[in-house]
Amino acid sequence: KADKRVVVAVVDVPSQAYGRREEALGIHQALAGAVDGYARARLAGHPVIALLVGKAMSGAFLAHGYQAQRIIALRDPGVMVHAMGKAAAARITLRSVEELEALAESVPPMAYDIDNYATLGLLWETLSVDSIEQPSADDLARVRDCLNKAVADIGSSSDLRGRLGAPNREASSRVRELLRAQW
């Protein structure tokens, strides 16, 4: 990998804009362009890592995180992953925010915290730091070390294997297995 550059997407995306104006101006094309860039880099052999340092929400996270071969999240209450904010999810599901939070206790994909997200098998590592807002030299060294370990773990791979091994992804693994057998 000496001739390949490591791509690290530092992810703190509260959401993508989603109004008519943004659609007219091509936000969907911008997000697709980002996905394409990460995917092309990965397929060309450049290790791609997503480092979650804040919110990772909605299509913005899909564009700036899901093409990564390794996803690392800093362990902090401000770091969260979800398809949409709680208020929007409550409106869409016709529930109150409180009902949504209660549901999240028994349905891990509905939760916003990193520990529940980790049960889906997409995080390679959760990393504790002393200060996410004002990182110390030790915090920075810990992150650099983790990034280096992720690059070593990626090796010469250019795929996204290994994301379906978690207990909460058993059904997804089974569906893929059945599709391979039938096709």
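The values are calculated or read from the model by the stated rules, or taken from the named source; none is laboratory data. This structure is a prediction, so every number in the text was calculated from the model and none was measured. Every residue, glycine as well, gets a Cβ built from its backbone with ideal geometry; the counts of neighbours run over all protein chains shown. All accessible areas refer to the heavy atoms of the entire protein, side chains included, with ligands and DNA or RNA removed. Shrake-Rupley method; radii C 1.70, N 1.55, O 1.52, S 1.80 Å.
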Accessible area of the chain belonging to carbon and sulfur atoms, whole % at 1.4 Å probe: 54
Cα gyration tensor shape of the chain, rounded if a/c is under 1.5, else prolate or oblate by comparing a/b with b/c: rounded
Over the chain: helical MRE at 222 nm, DSSP H runs n ≥ 4 each giving -39500 (n - 2.57), nearest 500: -13000 deg cm²/dmol
Point-to-point label distance, residue 171-residue 6, nm (Cα→Cβ direction, 7 Å offset): 3.7
For peptides 3-15, 90-102, sequence by mean Cβ density within 10 Å, most packed first: 3-15, 90-102
The chain: DSSP helices with Cα axial extent of at least 15 Å and average Kyte-Doolittle hydropathy no lower than -1.0: 27-43, 137-154, 170-182
Loop sites in region 1-83: chymotrypsin sites (Phe, Trp or Tyr not before Pro), DSSP, at most 15 other Cβ within 10 Å: 18
Accessible area of region 1-134 divided out per residue, in Å², using a probe of 1.4 angstrom: 55
